[in-house]
């Protein structure tokens with residue numbers, strides 16, 4: 001398990017070094033069970049007037065700085081914003097990474113790392129969080145489980161499972177109710193796709209259902 005989770009962190013960390021480190025810092029200190037990177041906004045202090053105009057900048061007699069001329073040049077057109085794909089991952093994909101389950105752990109870890117790098121917006125169904133906590137606690141202890149869940153939700157948003165989601169899941173009349181809840185939660189959260197190792201287990205799903213390899217290719221395509 002530790003080897004696979006270290007791989008997730010290494011993948012995301014290597015990509016961050018290639019893309020530059022502005023505005024993003026890795027968590028320093030403490031174990032990195034799930035390779036989660038904290039996305040903390042780095043605020044720059046405002047430049048004081050005295051620093052710009054010297055010691056007399058704040059006085060009434062200080063000369064006013066003239067606006068810089070642009071020479072009539074129009075600013076370059078900004079690139080169009082590409083919407084980030086929104087994916088809800090089925091519980092089995094998370095467990096493949098956390099429990100290092102071959103042969104699916106590698107692609108699941110690569111998908112986790114791509115989402116951690118910001119190449120997609122990942123979500124975990126709310127009911128899956130308690131299951132993940134239980135399995136981590138069983139594997140080690142409660143402290144390990146708490147830290148694992150904290151780092152999990154540091155990368156993946158939690159898709160709510162409320163009464164409307166449950167009613168929608170019941171209306172799907174699938175034999176596997178947990179799968180129906182995942183699909184209903186993904187639909188309610190506006191996801192572009194649901195990611196699972198068993199796409200055939202989601203018949204007539206209300207949104208596209210793809211496997212982790214397809215999701216990884218989708219997120220990392222140029």
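Each reported figure results from applying straightforward, stated rules to the coordinates on display, with no laboratory input. Source: prediction; values computed, not measured.
With the radius of gyration and the Kirkwood radius both derived from the Cα set of segment 164-208, what is their ratio Rg to Rh? Walk me through the numbers before you get to the answer.
Values: Rg = 9.3 Å, Rh = 10.3 Å.
Rg/Rh for segment 164-208 comes to 0.91.
When the scattering of segment 86-220 is computed by the Debye formula from its Cα atoms alone, each counted once and equally, what is log10 I(q)/I(0) at q = 0.11, 0.16 Å⁻¹?
Results for segment 86-220 at q = 0.11, 0.16 Å⁻¹ read -0.36, -0.78.
Over segment 86-220, what is the mean sequence separation of C-alpha contacts under 8 Å (at least six apart), divided by residue count, expressed as relative contact order in percent? Working shown, then result.
Numbers: 193 pairs, mean separation 41.2, N = 135.
Result for segment 86-220 is 31 percent.
Between segment 92-141 and segment 161-222, what's the alpha-carbon centroid distance in Å?
16
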